[in-house]
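The values are calculated or read from the model by the stated rules, or taken from the named source; none is laboratory data. The structure presented is a predicted model; accordingly, all values stated were derived computationally and were not measured. With ideal geometry, Cβ positions are generated from the backbone for all residues, glycine too; neighbour counts draw on all protein chains shown.
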Amino acid sequence: MADRSSPFVAGPGGVMTDEVGVVTGDLELRTTLDDGVLRALVRYEGAEEWYAVTGASCRLADPRDHDAVHEVLLGVLNRPEG
């Protein structure tokens, strides 16, 4: 299993999660890859609890794509200026 993690600032409207709805502000994105399935999780910066990003799990055809998918998700979610 591989993990990647990056800090970011959610834009207006925040990030929708399965567990608690919308989260906003200074967050951290973590992507995990286990048996070809990528999961995207977020948490408030420095918090313990991770939440699944709604609609962001997928199966990767090649595990080498993990870094690229993480960067795309980060680019979509990181919108400090809106």
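Structure notes:
- When 28, 45, 81 are screened for being touching an Asp or Glu at 6+ places or on another chain (Cβ under 6 Å), modelled with pLDDT under 95, on the phi < 0 side of the Ramachandran plot and among the charged types (D, E, K, R), only 45 passes.
- Residue 52 fulfils the conditions (1) modelled with pLDDT of 95 or more; (2) touching a Pro at 6+ places or on another chain (Cβ under 7 Å); (3) not aromatic (Phe, Trp, Tyr) except for a single criterion, (2).
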